[in-house]
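The next block holds one structure in the form of structure tokens; read it before the comments.
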Amino acid sequence: MRRSRFVLATLLAAMLGCGDAAAPGWITAVVALADVGGAPPPVRPQPASTIDLIADTIVLQANGTGVRRLTLRRLEDSVVVAAEISVTWESEGGALRLYHWCPPNGIVACPTDPDLAGPMGADVWSVTDGTYFERPARYRVLERVRGLP
């Protein structure tokens, strides 16, 4: 009886821990900006930018959608603004690409390049490409529900 419980527990653990690595094995992931070019927030996303980025947290859902919560300081008047932007994302070969939401039917010309892109690890998302930051950025993984892509 004792041995059969151990075998059952081992089989259950193996089934939960294994699976298709390409398939999303998670429900939600939360990442927060740690640094841009080695500098912690607040940071200027690009030298010509008119804002300082104070905080940037992204919640990713396994269905390819999510939300990006930004806290920005406008340089011209030092007013702090909070914004929430719907995003979509895709993952391929360990790289995650995030796109800001664009209205349907061509109301706004939306770029086809990702806003943020780079390799996603267990603890860090290294943003090495995209249109938002001029320099590489790192996001810390704050929460994982059933792993990461």
**Request:** Out of the residues in the range 43-68 that are within 16 Å of Trp125 (Cα to Cα) and among the polar types (S, T, N, Q), state the one that is farthest from the chain's Cα centre (by Cα).
**Result:** Gln61
**Message:** Restricting to the range 74-95, name every residue that is closer than 19 Å to Pro45 by Cα and either surrounded by 15 or more Cβ atoms within 10 Å (Cβ to Cβ) or among the aliphatic types (A, V, I, L, M) (or both).
**Reply:** Leu75, Val79, Val80, Val81, Ala82, Ala83, Ile85, Val87
**Asked** Does at least one position in the range 113-125 carry a residue that is at pLDDT 90 or above, over 10 Å from the mean Cα position of the chain (by Cα), acidic (Asp, Glu) and surrounded by fewer than 16 Cβ atoms within 10 Å (Cβ to Cβ)?
**Response** yes
**Prompt:** What pairs come up if the first residue lies in the range 53-66 and is farther than 11 Å from Val43 by Cα and modelled with pLDDT under 90, the second is open to solvent by 20 Å² or more (accessible area, probe 1.4 Å) and in a loop (DSSP other than H, G, I, E, B), and their beta carbons are under 6 Å apart, counting only those six or more places apart or on different chains?
**Reply:** Ala62/Pro24; Ala62/Ile27
**Message:** Looking only at the range 129-149, filter to residues that are open to solvent by less than 100 Å² (accessible area, probe 1.4 Å) and at positive phi; which one of those is modelled with the highest pLDDT?
**Reply:** Gly130
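Provide a single number: the residues in the range 23-52 that are of a type in the set (S, T, N, Q) and at pLDDT 90 or above.
Within the range 23-52, the subset of a type in the set (S, T, N, Q) is 28, 46, 49-50.
Imposing the further condition that a residue be at pLDDT 90 or above reduces the set to 50.
So the count comes out to 1.
The values are calculated or read from the model by the stated rules, or taken from the named source; none is laboratory data. Please read all numbers here as calculations on a predicted model, not as lab measurements. With ideal geometry, Cβ positions are generated from the backbone for all residues, glycine too; neighbour counts draw on all protein chains shown. SASA here: full protein model, heavy atoms, side chains in, ligands and nucleic acids out. Shrake-Rupley method; radii C 1.70, N 1.55, O 1.52, S 1.80 Å.
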